[in-house]
Amino acid sequence: MVGSSARAPLQPFLRAGSRDPLRGGDAANKKPVLVFDGVQKVYRQSSGADMHVLRGVDLEIERNEFVFVTGPSGAGKSTLLKLVYRSETVDDGRILFCGRDIARLTDDSIPFLRRNLGIVFQDFKVVPTWTVAQNVAITLEVIGLSTRLIRQRVAVAIERVGLAGRGGDRAGVLSGGEQQRVAIARAIVGEPALVLADEPTGNLDPALAIDILGLFEEIHAQGTTVMFATHDRTLLDVRPRRILVLDEGRVTDVATGLDHFSDDIAIDAEDETSAPRAIVAPTRLRRVG
Amino acid sequence: MSGSIERAKRGLVAEWRLHALSVVSLAVAFVCLGAALLVVFNLHALKDRWGRTGRASVYLKDGAPPAQVEAIVSALKNIPEVKEVRYLSPADARAVVFGQSGGDPTLKAVPQEAFPASIEIDVAPEVPESEVQSIVGKLSALPAVEGVETYGTWTARLASVLQGGTMAAAALAAIVFGAVLAVVGSTMRLALTRRRAEVEVMRLVGASNAFVKTPYVLESTIQGAIGATAAVAVLALLFFLVKSRLDADLTGLFGLDPMFLPPLAVLGLVATGGLLGAMGGALGLRRLTAV
């Protein structure tokens, strides 16, 4: 499904400061935060051949969900997230964020989109020469808050991630886990509508990875929608969560506790409570029972 | 804006070596420009000074009767526009030239007969050029007078030199401006490259192009202003060093005390440095559009 409109600027309600336009109001609460509608993404390789990373992906992320995005390496997990924060553009289809088609955004509007997102990366992406507080504060500085308000909110965010009292430390002297906490604080300090985590535990040891996942869960518990991309199966098993499996360019929406990396994904047709919502009907689904 | 200023300060401190190198380059360029301006400024003052002085030298023929010379001197003294009249004999003229040359032995060998007698006239500054020319015309017609020199040719030549100097200074200014823009632009592009991690983070949290670029433009503005200020300081130091050694000679030669650039010109130079720095930074970063 291709959006026919020309590239359009992001609508006003997603301008700076409007961090969660879905908060408040029954009508707003019913809207999905994120909708992929027939999204295609193709990379042209140096050999000239096309590599279809995403093939007609359809999915919806509701408000206040915690969703894992998983799949083998190279499946397109990062690409999926990059399309959301517009580091990449779709080749076909629509992506609706809070009801707005972000696939058609102009370059001038992309900053406003990102102010409503919180993004955490595998390689942390903190500025080592800045202090912890400066790294976190940048999210609020770009939206023009006052220095006093920035200082207050940064202190709260730093405390939330367990780095209270470390605001004045240079980020470059922190451990990997601590740097990732700084990145998480930076992602949440602006109270975004959606937090995207692209393999945030990829560079951390297993114990730290569980800690970081716990941090994301705390953030989610306080009302933030989270998309967590990972190939680490141990994290998927920590708690029952919705899981989106990416494989050969297609997304399969499955419940936890199933063998997500098997060739065929089995569901129990008799048990409605455990069956995933039928967002798509990929050919690989096989009914049992 | 306060955030941009804060980030600009951080950038200046973090990259102080890079900025210091750029400031030195800018200072060298501005010293050249400032020196050209200084010369033009003093030439202009000299032209004004000599242009206002209605001075003439009435050269007398060899063997002019003393009575006729006395009559000319007396007549000139009675003209209200004439402030001063001095008769210089050949011996007097030789002594003046010998004294001005600082005792040059070559001039000492020149015979007295080579120096004509003259009557030096100073006309009041407010007297129009036309009246001076009228007096000169009447003097030239006298039988005892060989010729009259009003130094009009000299001041015209000086005006011509000044015009040429002004054009050269303008050309030098254009070259300096281009050099400043290039140096500042390159410096800021290098600073941006070295701080790529910062820019990437700012982009990811939703910073606009203006948010990213403003601190860099502020840095480049400060660079330009400091470069120009340093140039003025160096120029002043050199000027007063040279003046302290050659003051008497320069004053005696030109009849004018050399002056440093006036305060407004200094402020203008510093402001120009800042403005060029801002332009250089903005131009150097104009291709920064990728999100």
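Throughout, read-outs are computed from the coordinates displayed, never taken from laboratory work. It should be emphasised that the depicted structure is a prediction, and the values quoted were computed from it without experimental measurement. Glycine also receives a Cβ, built like all others from the backbone with ideal geometry; neighbour counts cover every protein chain displayed.
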Most fluctuating of B:Ala144, B:Ala210, B:Ala278 in the GNM of chain B (C-alpha, under 10 Å) is B:Ala210
Tell me the relative contact order for chain B as a rounded percent, counting alpha carbon contacts under 8 Å between residues six or more apart. 30 percent
³J(HN,Hα) computed for each position of the range A:74-81 - Karplus, 6.51 cos²θ - 1.76 cosθ + 1.60, integer Hz, glycine/proline x: x, 6, x, 4, 5, 4, 4, 5
I want to check the label-to-label distance for B:Ala168 and B:Ser140. Put each point 7 Å from Cα in the C-beta direction and report it in nm to one decimal. 3.2 nm
Between B:Val201, B:Val85, B:Val161, find the one with the highest GNM mean-square fluctuation for chain B; connect C-alpha pairs within less than 10 Å. B:Val201
A correct fewest-to-most ranking of B:Phe177, A:Phe216 by other Cβ atoms within 10 Å would be B:Phe177, A:Phe216
Please report how far the C-alpha centroid of the range B:164-233 lies from that of the range A:191-231, rounded to the nearest whole angstrom. 41 Å
Radius of gyration and Dmax for the range A:127-191's Cα atoms, expressed in Å? 10.4, 31
For the pairs A:Lys77/B:Lys9; A:Lys77/B:Lys213; B:Lys47/B:Lys77; A:Lys31/A:Lys125; B:Lys9/B:Lys243; B:Lys83/B:Lys138, note any where the Cα-Cα span goes beyond 29 Å. A:Lys77/B:Lys9; A:Lys77/B:Lys213; A:Lys31/A:Lys125; B:Lys9/B:Lys243
Around A:Gln179, with a cut-off of 12 angstrom between Cβ atoms, what is the net charge of the other residues, counting Lys and Arg +1 and Asp and Glu -1? +2
Net lengthening on full extension, A:Asp108/A:Val238 (0.36 nm per residue, minus Cα-Cα): 42.8 nm
